[in-house]
1. Check residue 58: other-chain or 5+ apart residues with amide H under 5 Å from its amide H, H built from backbone geometry?
2. Mind checking the per residue accessible area of the chain for me, 1.4 Å probe, whole number of Å²?
3. What is the magnitude of the charge dipole of the chain about its Cα centre, with +1 placed on the Cβ of each Lys and Arg, -1 on the Cβ of each Asp and Glu, and no other charges, expressed in debye to the nearest 20?
4. If you keep only loop residues by DSSP, which GluC sites (Glu not before Pro) in region 81-170 have at most 14 other Cβ atoms within 10 Å of their Cβ?
5. Relative to the first principal axis of the alpha-carbon coordinates of the chain, what is the inclination of helix 2-53, with its axis defined by its Cα atoms, in degrees from 0 to 90 and to the nearest 10?
6. Taking Rh as the Kirkwood radius computed over C-alpha pairs, what is the Stokes-Einstein D of region 1-95 at 25 °C in a medium of viscosity 0.890 mPa s, expressed in µm² per second?
7. Nearest 5 is fine: what % of DSSP beta bridges in the chain come out antiparallel, could you say?
8. Give me the number: length gained by fully extending residue 10 to residue 47, i.e. 0.36 nm times residue separation minus the C-alpha to C-alpha distance, one decimal in nm.
Amino acid sequence: MQQTLLALLALMMATFFNFNQMQTELQKQRQVVRSEMEQMALGVGMQTMEVIRARAFDEATIGGTEDRITDPTEFRGSFGGGMDCQAFGGSQTCDSVGDFHEMTPSTETFEAPEFDMEFTVEVEVRYLDSGMNVVPGPTFRKEVVVYVQDAGDDPFLAEPIQFSEVLSYY
């Protein structure tokens, strides 16, 4: 009877240790997937930033006006928001950086050799002063913040990846 109990105890301990090893391995695999998702999200964020950076700095500078703006009050004072930009599959022309502020969230696809992964992209644009502080009025600097989150019912990323860049008129 004692031998049976000892054998049962040994079997339970072996099962417990095996379970712990499997849990540890699963944690490692989840971390690897999360890291790869972050890298893919960063790629989508950088690609989105390239699209935005290619636009005019402000509505007042569309078309490459010959006279350079020397007073920031000549810029549009506030950003619109909620536009459905053609650059991301929408129907509206977003031809200046400010047009992307709070645009309709878009779904961008990261294409890998063996699979495609979809990410939801949102953008926020804000004016910065010379000390890089957010200010309500127009300045010669705009900060563009791109938020990228993997799409799906159960996202791998706990929170969106933030990719930001400061664009300057000069």
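The values are calculated or read from the model by the stated rules, or taken from the named source; none is laboratory data. None of these values were measured; they are calculated from a predicted model. Cβ atoms come from the backbone with ideal geometry, glycine included; neighbour counts cover every protein chain shown. Areas reflect the complete protein model, heavy atoms only, side chains present, ligands, DNA and RNA absent. Shrake-Rupley method; radii C 1.70, N 1.55, O 1.52, S 1.80 Å.
1. 97
2. On the way: 10900 Å² over 170 residues.
Per residue, the chain has 64 Å² of solvent-accessible surface.
3. Numbers: 10 positive and 28 negative charges, 139 e Å.
Roughly 660 debye for the chain.
4. On the way: sites: 102, 108, 111, 114, 118, 122, 124, 143, 165; in loops: 102, 114.
Sparse-neighbourhood loop GluC sites (Glu not before Pro): 102, 114.
5. 10 degrees
6. On the way: Rh = 19.5 Å.
My calculation gives 126 µm²/s for D.
7. Working: 26 of 28 bridges.
The answer is about 95 percent antiparallel.
8. On the way: separation 37, 0.36 × 37 = 13.32 nm, distance 5.57 nm.
Separation in residues times 0.36 nm, less the Cα-Cα distance, equals 7.7 nm.
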